[in-house]
Amino acid sequence: MAGHTGEANDRGEYGGLVYLPITAENNFTAQIPTEKVDLIYLCFPNNPTGATATKAHLQDWVNYAKANGSIIFFDAAYEAFISDPDLPHSIYELEGARDCAIEFRSFSKNAGFTGTRCALTVVPKSLKGKAADGSTVELWKLWNRRQSTKFNGVSYIVQRGAEAVYSPEGQAQTQALINFYMENAKIIRDRLTSAGIKVFGGINAPYVWLQTPNNLSSWDFFDKLLHTCNVVGTPGSGFGAAGEGYFRISAFNSQENVMEAMRRITEKFS
Ligand SMILES: *Cc1c(COP(=O)(O)O)cnc(C)c1O
C-alpha cells in the first residue's frame with residue numbers, strides 16, 4: 001500500500017496489515033478482528049472467491065468500524081452480478097455506514113469499461129477522520145482536492161458512455177451481458193462439480209473458485225492446466241497466502257470457449 005507497510009514475511013504477508021483469511025473452513029466469511037484497525041478493505045461479491053456478504057455480516061463490520069473509529073473501504077465492483085434478493089448491493093444499506101464507510105464502484109465489470117477507465121467513489125459528507133493532532137477532518141474535502149489536482153476527471157466521451165449505462169437501453173444491454181456471463185459461471189460450476197472438483201462462488205459473482213484436485217498447489221495446478229489442457233486460469237496463491245490450494249476460473253468469455261475449456265478440464269481431471 002504505497003510503501004506504508006512493514007516488510008513481508010515468508011508467507012508474503014506484510015507487517016502492519018491484519019489479514020482476514022477467507023477459506024472453505026470459515027465458509028468464506030472473515031472473522032471481525034479482535035484488535036483495533038484504522039482501515040478495513042472489504043470486497044463483496046468477492047474477487048477472487050465469488051463469496052458474498054449478508055446484511056447481518058456487513059452490519060457487524062459497520063458496528064465494529066463505528067466502535068473503533070475505523071474506516072471501511074467497500075469495493076462494490078461486482079454488485080451488478082448479485083441475483084439473490086436478500087444480499088446487499090451497497091454498504092449504505094446498513095445502518096450507520098454513512099459515518100464510517102467509503103464505497104467504490106466501477107464500470108469495468110458491469111459494462112465492459114476495463115480499458116476505458118471509469119469508476120466512482122462515494123465519500124459521505126458525514127464521514128470524518130482524525131488528523132495526527134486529534135483534530136477532525138472532513139474526508140470528502142481531501143478526496144475532492146486529490147481528484148481535482150492529481151486526476152482531473154474521466155474524459156467526457158467516456159463519461160457519456162458511463163451515463164448511457166443508466167438509460168433503459170443501457171440497463172437492458174448490460175443486464176443481458178451479465179446474464180450471459182452468469183450462464184457461463186453456471187456451466188463452469190456444473191461441469192467441474194460433476195468431474196468431482198469442489199467449487200465455490202459463481203452464483204452472485206462472475207468467478208468460480210475451485211479447490212485444486214489431488215491437493216495440488218495453486219501453481220502446480222496452473223502448470224498442469226496450461227500444459228495438458230491449454231487452458232489458463234489464475235492461481236489462488238497469487239491473491240495471498242490464504243488462496244494457496246485454490247484456483248480462479250473467470251466466466252468472462254464466449255460460451256463456446258467456456259464449453260471447450262470445461263470439456264478439456266473434465267477429460268483430464270475426472
Ligand atoms: C476489476 C475490479 C475493480 C475495478 O477496477 P477498475 O480499476 O475500475 O477497472 C475493483 N475491484 C476489484 C476487486 C476488481 O476485480
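Against the longest alpha carbon principal axis of the chain, how many degrees, from 0 to 90 and to the nearest 10, is the axis of helix 156-165 turned?
Once rounded, the angle reads 70 degrees.
Would you please put 191-198, 50-57 in order of how densely packed they are, using the mean number of other Cβ atoms within 10 angstrom per residue and starting with the highest?
50-57, 191-198
Which net charge results when you count Lys and Arg as +1 and Asp and Glu as -1 among the other residues whose beta-carbon is under 14 Å from that of Phe151?
Overall, the nearby charge balance is +4.
Charges at C-beta only: +1 for Lys and Arg, -1 for Asp and Glu. How large is the resulting dipole of the range 41-191 about its Cα centre, in Debye rounded to 20?
Using Cβ point charges on Lys, Arg, Asp and Glu, the range 41-191 gives about 600 debye.
If you look for lysine pairs in the chain that are eight or more places apart or on different chains, how many of them have Cα atoms under 15 Å apart?
Lysine pairs, 8 or more places apart or on different chains, close enough: 10.
I need the Kirkwood Rh of the range 1-158: take the reciprocal of the average 1/r across all distinct C-alpha pairs and report it in angstrom.
Mean inverse Cα-Cα distance, inverted, gives 17.3 Å.
Taking other Cβ within 10 Å of each residue's Cβ, how do Met182, Met262 sort, fewest first?
If I rank by nearby Cβ atoms, fewest first, I get Met182, Met262.
Rounded, prolate or oblate: which one fits the range 48-108, using the alpha carbon gyration tensor with axes a ≥ b ≥ c (rounded when a/c is under 1.5, else prolate when a/b beats b/c, else oblate)?
Verdict is prolate for the range 48-108.
Sort the following peptides by mean Cβ neighbour count (other Cβ atoms within 10 Å, averaged over residues), highest first: 116-125, 144-153.
Ranking, from highest mean packing down: 116-125, 144-153.
If we count other beta carbons within 10 Å of each Cβ, what is the order of Trp209, Trp61, fewest first?
Fewest-to-most Cβ neighbours within 10 Å comes out as Trp61, Trp209.
Applying the Karplus parametrisation 6.51 cos²θ - 1.76 cosθ + 1.60 with θ = phi - 60° to the phi angles of the range 229-234, what ³J(HN,Hα) value in whole Hz is obtained for each residue in order, glycine and proline being reported as x?
Listing the rounded values in order: 10, 6, 10, 10, x, 10 Hz.
Beyond 20 Å, how much of the Cα-Cα pair distribution for the range 168-269 remains, as a whole percent?
Value for the range 168-269 (Cα pairs over 20 Å): 36 percent.
Assigning unit charges at the beta carbon (Lys, Arg +1; Asp, Glu -1) and nothing else, what dipole magnitude in debye, to the nearest 20, does the range 168-269 show about its Cα centre?
Value, rounded to 20: 220 debye.
What area, in nm² and to one decimal, does the C-alpha convex hull of the chain cast on average over all directions?
16.4 nm²
Please get the size of the charge dipole for the chain, origin at its Cα centre, with Cβ charges of +1 on Lys and Arg and -1 on Asp and Glu, quoted in debye to the nearest 20.
540 debye
Rounded to the nearest 0.05, what FRET efficiency do Glu35 and Arg145 have when you use their Cβ-Cβ distance and R0 = 41 Å?
0.85
Of Ile91, His57, Asn110, which is farthest along the charge dipole of the chain in the positive direction, counting Lys and Arg as +1 and Asp and Glu as -1 at C-beta?
Positive-most Cα among the choices belongs to Asn110.
Under 15 Å from a point placed 7 Å out from the Cα of Arg117 along the Cα-to-Cβ direction: which residues of the range 156-193 have their backbone N that close?
156-159
Since every read-out is calculated from the coordinates, none of them should be taken as a lab result. Note that the coordinates shown come from a computational prediction; the quantities given were computed from them, not determined experimentally. All Cβ positions, glycine included, derive from the backbone under ideal geometry; neighbour counts span all protein chains shown.
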